[in-house]
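Encoded as structure tokens, the structure appears first; notes follow it.
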Amino acid sequence: MKRRRMSKNNITDRLIWVVTILALIVYSVAELFGMEFLADGNHIIAFGVSFLLSLILTLCVWEMCSSKSSRNKRRDLPLGILAAFFALAILVIGSWPVTVFLNAYDNESELVNLISNTRNYAVNVDSLYVHYAKKRVYNYRRYLDSLKCDTKEKNQRVISLERRLLSLTNDSIHHKRQEWLATLPKANVWNVSTAKNLHNVFLAAEKWIEEYKVVSSVIYDGEKVEPFECEDFTMSAYEEYNDFISLRRPNIRSILYSAFCVFLIFATYFFMRRPKSRFNSHR
């Protein structure tokens, strides 16, 4: 009977360890996906920080359990308390990226639409600028016509403006940009590259718009125009983008999720029995 009881206890202890390990993995994965958004899709930073925090948390939980199972309380109890302090601190720190991930998970359809709309808009940036540039050239020609300039001088000034404005527009650049945008996979909250794709799409759109803005910032005499801007690329898109990549206050759901994970992570420690004798230490 004694052998059966000890065997049953061993099985229970192992099952509890399995629960703890699974909880650590789930928490670490949620933390990793949240870090991806906070790090703008930088895999090195996201994986590095997540791995370091997960490793320290695992070692702390192990030390807590080892200290509790030790018979030398004078030596190991302080270590267990210190390990518990660091474990709780890491769990609190990790709750922030976990909250970011849960926000992305809850608003996955908005995230998908944001990336899709931004990608479509980025595709159209070139054509929007070409329309802007041609309109400026047309209006400048009409202005020179009103001055009744010499035909040769007028043509030279118009060609000069046209070359300046359209220096960045050619089929090869436009084709390469469209090809790159087409290679981006559809957003998926469980795809570790989604945060990186989100960042890259916004970065690309900003870069292309800024390039055209710089080129078009030179205004010729007689022109009453503003440099190229994309008014359709509104601040609401940036606000929505920042909502996915910014730290946020944990909501009730995030707190409950975190609390449940904390309980499971500490399950082995909670259910582990302290030895009654001070002797026969296993450490």
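The values are calculated or read from the model by the stated rules, or taken from the named source; none is laboratory data. Nothing here was measured: the structure is a model prediction, and the numbers come from that model. Using ideal geometry, Cβ is built from the backbone for each residue, glycine included, and neighbour counts are taken over all protein chains shown.
Determine whether the stretch 69-82 contains at least one residue that is farther than 30 Å from Phe244 by Cβ, of a type in the set (A, V, I, L, M, F, W, C), assigned to a helix (DSSP H, G or I) and at pLDDT 85 or above. First the steps, then the outcome.
Our first condition is that a residue be farther than 30 Å from Phe244 by Cβ; within the stretch 69-82, this holds for 69-82.
Add one more test, that the residue is of a type in the set (A, V, I, L, M, F, W, C), and what stays is 77, 79, 81-82.
So of that shortlist, the ones also assigned to a helix (DSSP H, G or I) come out as 77, 79, 81-82.
Going one step further and asking which of them are at pLDDT 85 or above, we end up with 82.
There is at least one residue in the stretch 69-82 that is farther than 30 Å from Phe244 by Cβ, of a type in the set (A, V, I, L, M, F, W, C), assigned to a helix (DSSP H, G or I) and at pLDDT 85 or above.
Scan the stretch 239-253 residue by residue and report those that are acidic (Asp, Glu) and surrounded by 13 or more Cβ atoms within 10 Å (Cβ to Cβ).
Result: Glu240, Asp243.
Among the candidates Arg119, Arg136, single out the residue that is at pLDDT 90 or above and in contact with a helix residue (DSSP H, G or I) (Cβ under 7 Å, 6 or more places away or on another chain).
Exactly one residue qualifies, and that residue is Arg136.
So which residues in the stretch 110-166 are within 22 Å of Glu206 (Cα to Cα) and free of Cβ contacts under 8 Å to residues at least 60 places away in the same chain, if there are any at all?
Of everything in the stretch 110-166, those that are within 22 Å of Glu206 (Cα to Cα) and free of Cβ contacts under 8 Å to residues at least 60 places away in the same chain turn out to be Asn113, Asn120, Val123, Asn124, Ser127, Val130, His131, Lys134, Arg164, Leu165, Leu166.
Does at least one position in the stretch 143-162 carry a residue that is among the acidic types (Asp, Glu), under 45 Å from the mean Cα position of the chain (by Cα), under 27 Å from Arg177 (Cβ atoms) and surrounded by fewer than 18 Cβ atoms within 10 Å (Cβ to Cβ)?
Yes, the stretch 143-162 contains a residue that is among the acidic types (Asp, Glu), under 45 Å from the mean Cα position of the chain (by Cα), under 27 Å from Arg177 (Cβ atoms) and surrounded by fewer than 18 Cβ atoms within 10 Å (Cβ to Cβ).
What number of residues within the stretch 210-226 satisfy the criterion of being part of a loop (DSSP other than H, G, I, E, B), in contact with a Phe, Trp or Tyr (Cβ under 6 Å, 6 or more places away or on another chain) and surrounded by 15 or more Cβ atoms within 10 Å (Cβ to Cβ)?
So the answer is 1.
Across the stretch 174-207, what is the number of residues that are farther than 20 Å from Gly34 by Cβ, of a type in the set (Phe, Trp, Tyr) and either modelled with pLDDT of 85 or more or under 19 Å from the mean Cα position of the chain (by Cα) (or both)?
Matching residues across the stretch 174-207 total 0.
Has the stretch 130-138 got at least one residue that is closer than 27 Å to Ser246 by Cβ and basic (Lys, Arg)?
No, because not a single residue in the stretch 130-138 is closer than 27 Å to Ser246 by Cβ and basic (Lys, Arg).
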